[in-house]
Amino acid sequence: MLTIKSLKASVGEKEILKGISLEIPKGEVHVIMGPNGVGKSTLAHALMGAKTYQITSGNIILDGEDITQLDTTERAKKGMFLAFQYPVSVPGLKISEYLRNLYNIRHEKQLSVSEFRKVLKNKLEMLNIERSALQRYLNDGFSGGEMKRFEMLQLMLIEPKVAILDEIDSGVDVDAQKIVAESINHIAKETKTSFIIVTHYQRLLSFIKPDKVHVVLDGKINQSGDMSLVDELERNGYEHIRINPSSKT
Ligand code: ADP
Ligand code: MG
Ligand code: MG
């Protein structure tokens, strides 16, 4: 379970997060929505310990342990994951090797190629990825749909405690959105990963059916609710919420 307590964060002199509190139980999917520039990505990066964003007060607590002072690598080791930072393309590195490394580091194992093949088997089937695709190279061009499948495969291999996905569904088609949604549902259920999903798309949310929806305005959570809040936003926009705050928090 992830608990965020009155989190404030700044970039330079400018305060961007002005006291965010959230509680995300194991296996729950929480969605963050809000207009541009309110601090959604700042929240994502501050949770992961990005140095650009100074946490000035508040706490981040993962399974009872305060991780506010830990650096990004240490947070990742504890099970925090922010999607998806690609390794700078390493010429000649095959996807299969990249994934095996990722898996071995995260789980402190040293699986061989054939052992890792077994780990991959059902995941590839579920995501409808051909094994031969893993023989391609990391810096090869991918279609939007392929990219999403590989991202979801990474997530399934890492099995994070908390996965933060910042607009990973932007600019992809419905099929790719479905892959993302089905994977999130599966991972939340199977590995009890808690999700924080930043998105603008109602369609993704209709496939996911999140446990909670939070609207961020001006560095704070202005309102929290269920899927009906998404429908309300679709009808009335954020301005309506800004003017009529908080019937559901
Ligand atoms: P959102 O993701 O909700 O669109 P962001 O968290 O990206 O919003 O940005 C919130 C505010 O913080 C904006 O005013 C943005 O200009 C500012 N900001 C974000 N990152 C940086 C940065 N690295 N340097 C300077 N200002 C930043
Ligand atoms: Mg933005
Ligand atoms: Mg953003």
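A few comments on the model shown:
- Within the range 152-177, restricting attention to residues that are more than 16 Å from ligand 3 (Cβ to nearest atom) and among the acidic types (Asp, Glu), the residue that is nearest to the chain's Cα centre (by Cα) is Glu159.
- Selection count, the range 164-189, where residues are over 16 Å from Ala44 (Cβ atoms) and within 16 Å of ligand 1 (Cβ to nearest atom): 1
- Scanning the range 142-166 for residues that are among the charged types (D, E, K, R) and either farther than 18 Å from Ala188 by Cα or without any contact (Cβ under 8 Å) to a residue 12 or more places away in the chain (or both) yields a count of 1.
- Looking only at the range 188-207, and only at residues there that are open to solvent by 10 Å² or more (accessible area, probe 1.4 Å) and of a type outside the set (Phe, Trp, Tyr), the one that is nearest to ligand 3 (Cβ to nearest atom): His200
- Subset of the range 31-61 (residues that are open to solvent by 10 Å² or more (accessible area, probe 1.4 Å) and away from ligand 3 (no atom under 16 Å from the Cβ)): Gly49, Lys51, Gln54, Ile55, Thr56, Ser57, Gly58, Asn59, Ile61
- Test: Leu102 is within 18 Å of the chain's Cα centre (by Cα), away from ligand 1 (no atom under 16 Å from the Cβ) and surrounded by fewer than 17 Cβ atoms within 10 Å (Cβ to Cβ): yes
- Positions within the range 173-187 being among the aliphatic types (A, V, I, L, M), without any contact (Cβ under 8 Å) to a residue 60 or more places away in the chain and surrounded by 19 or more Cβ atoms within 10 Å (Cβ to Cβ), in sequence order: Ala176, Ile179, Val180, Ala181, Ile187
- Residues in the range 19-41 that are within 11 Å of ligand 1 (Cβ to nearest atom) and in contact (Cβ under 8 Å) with a residue 60 or more places away in the chain: 8 in all.
- Residues that are among the polar types (S, T, N, Q) and within 16 Å of ligand 1 (Cβ to nearest atom) were ranked within the range 208-249; the one that is surrounded by the most Cβ atoms within 10 Å (Cβ to Cβ) is Gln223.
- Screening the range 65-108 for residues that are aromatic (Phe, Trp, Tyr) and under 23 Å from Ser41 (Cα atoms) and picking the one that is modelled with the highest pLDDT gives Phe81.
- Single residue of Leu7, Leu111, Leu2, Leu62 found to be modelled with pLDDT of 95 or more and more than 25 Å from Ile168 (Cα to Cα): Leu111
- Failed item, numbered, when Glu239 is tested on (1) at pLDDT 90 or above; (2) in a helix (DSSP H, G or I); (3) farther than 22 Å from Leu120 by Cα: (1)
The values are calculated or read from the model by the stated rules, or taken from the named source; none is laboratory data. Bear in mind the structure is a predicted one, so any value in this text is a computation, not a measurement. Virtual Cβ from ideal backbone geometry, glycine too; neighbours counted across all protein chains shown. Accessible surface areas use protein heavy atoms only, side chains included; no ligands, DNA or RNA. Shrake-Rupley method; radii C 1.70, N 1.55, O 1.52, S 1.80 Å.
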